[in-house]
Amino acid sequence: MTKYDVPDSESTVEKKLYQHGTLALLVPGLLRGTLTMQQLLQHGDTGIGTGEGLDGELIILDGKPYQVNGDGGVNIVSGDFTMPFANIHRAHYRDLMDLSDLPMDEAYQRIAEKVCAENTFYSIRMSGLFSSMTTRAVRKSEPPYHTLVETAEEQHVFKAENIQGTLVGYYSPEVFHGPTVSGFHSHFLADDHTLGGHILDFSVAKVHVKVQMFDTFEQHLPVDDDEYMQHDFSADDVGSAITRAEGQTKKD
Ligand SMILES: [Zn+2]
């Protein structure tokens, strides 16, 4: 595959990325959980997100919602667990490529060059051996919530070497920086559940990469949340705060 190419045989639902909330609403600290996991799972079986008050980092694999909490522990959350932000889709990945011995930026660049779809959304699923993996997770905070940048500064960072696991990531086009982080946003779960969370950095030892292209981005907003509905975003420096707190690739 060398260009944006969604086979006709794939159903509409498999070409759709569903998002609840925006990264922008996390910036001023609108961290209330506004969707339950049970509601989210109606839109897919694979995804990433965060809990109320940035309660850990979520990775949904094969319909199972794993939470990596602020202490690095991994557990499955219940259906009534709530989130301010999440991405999910119905998995229908296709093989893309094998990668070995590469740092994160080069791995993402090779993938982006091969997929060649800078202006649409797609998901990657990368499984295998990582020579290093650095993740973060945040401990749940209570209202009044701090801003995203303040909260991210209190993040707990976890590191491992030679670790086997799965990365789920989403690529978002540049113009969607704000609702999402442009470029790649990826979460990780080790096969043995000893490490996981929002990825800050990694190096590939030997992994297989799969890709799933989307032609539809469904943006669901928390319209029942008065704080969100009444918030004035004009004073929030959304773009640079997202880059600082969520960015994984340096975009020029
Ligand atoms: Zn994340």
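The values are calculated or read from the model by the stated rules, or taken from the named source; none is laboratory data. It should be emphasised that the depicted structure is a prediction, and the values quoted were computed from it without experimental measurement. Ideal geometry is used to build each Cβ from the backbone, glycine not excepted, and the neighbour counts take in all protein chains shown. Ligands, DNA and RNA are stripped out before the accessible areas are found, and what is left, the full protein with its side chains, is counted by its heavy atoms. Shrake-Rupley method; radii C 1.70, N 1.55, O 1.52, S 1.80 Å.
List of remarks:
- Entries of 64/210; 114/210; 16/64; 16/140; 15/206 with Cα pairs more than 21 Å apart: 16/140; 15/206
- Shape analysis of segment 107-222 places it in the oblate category; the axes a ≥ b ≥ c from the Cα gyration tensor give an a/c of at least 1.5, with a/b not above b/c.
- Reported to the nearest whole Å, the Cα centre-to-centre distance from segment 177-252 to segment 17-79 is 11.
- Per-residue HN-Hα couplings for segment 114-128 [Karplus 6.51, -1.76, 1.60; θ = phi - 60°; Hz; x = Gly/Pro]: 6, 5, 6, 8, 4, 9, 9, 8, 8, 10, 10, 10, 10, 10, x
- Net dipole in debye of segment 131-252 [+1 Lys, Arg Cβ; -1 Asp, Glu Cβ; about Cα centre; nearest 20]: 780
- Backbone HN-Hα couplings from phi across segment 35-42 [Karplus 6.51/-1.76/1.60, Hz, Gly and Pro as x]: 8, 8, 4, 4, 5, 4, 5, 6
- Amide H to amide H distances under 5 Å link residue 85 with 50, where only residues 5 or more positions off or on other chains count and H is placed in the peptide plane.
- Solvent-accessible surface (1.4 Å probe) assigned to residue 234 amounts to roughly 100 Å².
- Phi angles across segment 153-161 convert, under the Karplus curve 6.51 cos²θ - 1.76 cosθ + 1.60 with θ = phi - 60°, into 3J(HN,Hα) values of 5, 8, 5, 9, 9, 10, 9, 8, 10 Hz, Gly and Pro given as x.
- Average accessible surface area per residue within the chain, 1.4 Å rolling probe, Å²: 44
- Taking all protein chains together and rolling a 1.4 Å probe, residue 94 ends up with roughly 70 Å² accessible.
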